[in-house]
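Trainee: A single structure is presented below for examination.
The values are calculated or read from the model by the stated rules, or taken from the named source; none is laboratory data. Small disclaimer: the values here were computed from a predicted structure and weren't measured. Heads up, the Cβs are rebuilt from the backbone with ideal geometry, glycines too, and the neighbour counts pull from every protein chain shown.
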Amino acid sequence: MTQRISLLGSTGSIGKSTLDVVARHPERYSIYALSAQRNWEALAEQCAVFRPALAVIGSAEAAKSLQQALRERGLSTEVAYGPEALCDIAASPECDTVVAAIVGAAGLPSALAAARTGKRILLANKEALVMSGALYMAAVQESGATLLPLDSEHNAIFQCLPPAQQAGKAAVQDPRGGIEKIILTASGGPFRTRDPASLADVTPDQACAHPNWVMGRKISVDSATMMNKGLEVIEAHWLFGLPPSRIDVLIHPQSVIHSMVSYSDGSVLAELGNPDMRTPIAHALAFPERIASGVGPLDLAAIGQLQFEKPDLVRFPCLRLAFASLEQGGTASAAMNAANEVAVDAFLEGRIRFTAIATVVEDVMNAMTHGAASRLEDVFAADEAARSQARACLERHRWHH
């Protein structure tokens, strides 16, 4: 039986890596649906190769262009557009596996639709858990969905868990199981050793030049501020059921150890590999089996040494803010995430300095009261309020280069 996959966010870096792995195993996987926000040309190319039944794009205008491109190629793929169509392909009885790889808050409703319909979910959309962790995990448990983390760090932790806790339900773990803590590794990004006083002058291109991973611009900036690691801490809390006090972050510049689990008997298990997202994608696609991912073998002798250091919270205030939002609970993480999205956009557009990202996020967190996140409406209300607060904050400060 081939797995039928709906791939949400197929033109991004995770989407492309997923298709690369899928193409290596045509006997195991087929693509039911692909989606992109704007890039209809790339989506049309993918449709020509993978022949999905459905393709979803962000707007009516892009849908017209896509439809025409598909007709010219003689493809029978149906075209739909907009957020509802995304939820439809995530919940469709025609697919059993959903790869949730849309960046940002926009990916939340479709990831939740997959959870509610009991799919096998390969989750790369951090925001589903950062914004609505309690809600999301409840949906997974109620529907009996299988949740497999795609983030390299969470996938590494999942691989290092006791087999009994790994039954494909990363979600429903008994956090005792002899686990002392989980340790998320971080590369430290491009500014790990740069003089903090000079960080105000960082350009968007410098912030996006990640030393080890090839990623989109938003996530590259989050990696440079270490907000990305903060979001991963929140994600790990929900996935693995551990309190923030039992989640550590360790800087490891080589990005060879992707994360570790520390046990009560003194053992520490780590998952190692070349920094290539096809490894965790192949692991999650085939779990509990193993398949070829196209990633070369790890040559430890060539790497020579692995280094570790504690993160500096003065240099990386965003990491501190993420831990604070987790402690506050309720809608605090959703608000923090929204403020960060607005601030990162402003930085990428050259409207604020790099160091102002954390300032905007902190200002917004301090200005808001964080209620319970018991319904999706609460989460989106907090998200919207934080965005308008962040925009007001940008106006007030008017940081310029």
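Trainee: Return a yes/no flag: does the range 323-331 have any residue that is crowded, with 23+ Cβ neighbours inside 10 Å and of a type in the set (A, V, I, L, M, F, W, C).
Mentor: no
Trainee: Of all residues being acidic (Asp, Glu) and assigned to a helix (DSSP H, G or I) in the range 124-165, which is nearest to Leu7 (Cα to Cα)? Just the residue, please.
Mentor: Across the range 124-165, the extreme among qualifying residues is Glu127.
Trainee: Say whether the condition of being assigned to a helix (DSSP H, G or I) and in contact (Cβ under 8 Å) with a residue 40 or more places away in the chain is met by at least one residue in the range 366-373.
Mentor: no
Trainee: Looking only at the range 188-207, which residues are closer than 17 Å to Leu313 by Cβ, surrounded by 14 or more Cβ atoms within 10 Å (Cβ to Cβ) and of a type in the set (Gly, Ala, Ser)?
Mentor: Gly188, Gly189
Trainee: Looking at Ser264, Ser259, Ser255 in this structure, which one is touching a strand residue (DSSP E or B) at 6+ places or on another chain (Cβ under 9 Å) and modelled with pLDDT of 95 or more?
Mentor: Ser259
Trainee: Applying the selection to the range 286-301, what residues are at negative phi and in contact (Cβ under 8 Å) with a residue 24 or more places away in the chain?
Mentor: Ala286, Phe287, Pro288, Ile291, Ala292, Ser293, Leu298, Leu300
Trainee: Return a yes/no flag: does the range 221-229 have any residue that is surrounded by 15 or more Cβ atoms within 10 Å (Cβ to Cβ), in a loop (DSSP other than H, G, I, E, B), touching a residue at least 24 places away in the same chain (Cβ under 8 Å) and among the basic types (Lys, Arg). Before you say what the answer is, go through the steps one by one.
Mentor: The initial filter retains those residues of the range 221-229 that are surrounded by 15 or more Cβ atoms within 10 Å (Cβ to Cβ), namely 221-229.
Those still in the list that are in a loop (DSSP other than H, G, I, E, B) too: 226.
Imposing the further condition that a residue be touching a residue at least 24 places away in the same chain (Cβ under 8 Å) reduces the set to 226.
This time we only want the ones that are among the basic types (Lys, Arg), so: none.
Within the range 221-229, not a single residue is surrounded by 15 or more Cβ atoms within 10 Å (Cβ to Cβ), in a loop (DSSP other than H, G, I, E, B), touching a residue at least 24 places away in the same chain (Cβ under 8 Å) and among the basic types (Lys, Arg).
Trainee: Something else: Among (1) at pLDDT 95 or above; (2) outside the structural domain of Ile234 (by TED's automatic domain parsing); (3) basic (Lys, Arg), which single condition is Arg353 missing?
Mentor: Just one mismatch for Arg353, condition (1).
Trainee: If you don't mind, there's one more thing I want to ask. Looking at the range 283-360, what helices (runs of 4 or more DSSP H) fall wholly within it and have at least 1 residues that are under 20 Å from the mean Cα position of the chain (by Cα) and not charged (D, E, K, R)?
Mentor: Filter on the range 283-360 gives 317-328, 332-348.
Trainee: Please specify each residue of the range 310-322 satisfying the condition of being surrounded by fewer than 12 Cβ atoms within 10 Å (Cβ to Cβ) and closer than 27 Å to Met277 by Cβ.
Mentor: The one that is surrounded by fewer than 12 Cβ atoms within 10 Å (Cβ to Cβ) and closer than 27 Å to Met277 by Cβ: Lys310.
Residues checked against (1) touching a residue at least 60 places away in the same chain (Cβ under 8 Å); (2) closer than 18 Å to Ala282 by Cα; (3) of a type in the set (Asp, Glu); (4) loosely packed, with under 15 Cβ neighbours inside 10 Å:
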residue: Ile14; (1), (2), (3), (4): yes, yes, no, no
residue: Ala23; (1), (2), (3), (4): no, yes, no, yes
residue: Ala42; (1), (2), (3), (4): no, no, no, no
residue: Arg51; (1), (2), (3), (4): no, no, no, yes
residue: Ser59; (1), (2), (3), (4): no, no, no, yes
residue: Ser65; (1), (2), (3), (4): no, no, no, no
residue: Thr77; (1), (2), (3), (4): no, no, no, no
residue: Ala80; (1), (2), (3), (4): no, no, no, no
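Trainee: A follow-up question, please. Please go through the range 74-106 and give me each residue that is touching a strand residue (DSSP E or B) at 6+ places or on another chain (Cβ under 6 Å) and either in a helix (DSSP H, G or I) or basic (Lys, Arg) (or both), ordered by number.
Mentor: The answer is Ala85, Leu86, Ile89, Ala90.
Trainee: Since Glu289 meets every condition but one in (1) surrounded by fewer than 16 Cβ atoms within 10 Å (Cβ to Cβ); (2) in the same structural domain as Ala236 (by TED's automatic domain parsing), which condition does it not meet?
Mentor: Every condition holds for Glu289 apart from (2).
Trainee: Which ranges mark the strands (runs of 3 or more DSSP E) fully within the range 1-65 that have 2 or more residues being farther than 17 Å from Leu123 by Cβ?
Mentor: Qualifying strands (runs of 3 or more DSSP E): 29-35, 54-57.
Trainee: Return the residues of the range 206-219 that are part of a helix (DSSP H, G or I) and modelled with pLDDT under 90; say none if nothing qualifies.
Mentor: If the condition is that a residue be part of a helix (DSSP H, G or I) and modelled with pLDDT under 90, then Arg217, Lys218, Ile219 are the ones that fit.
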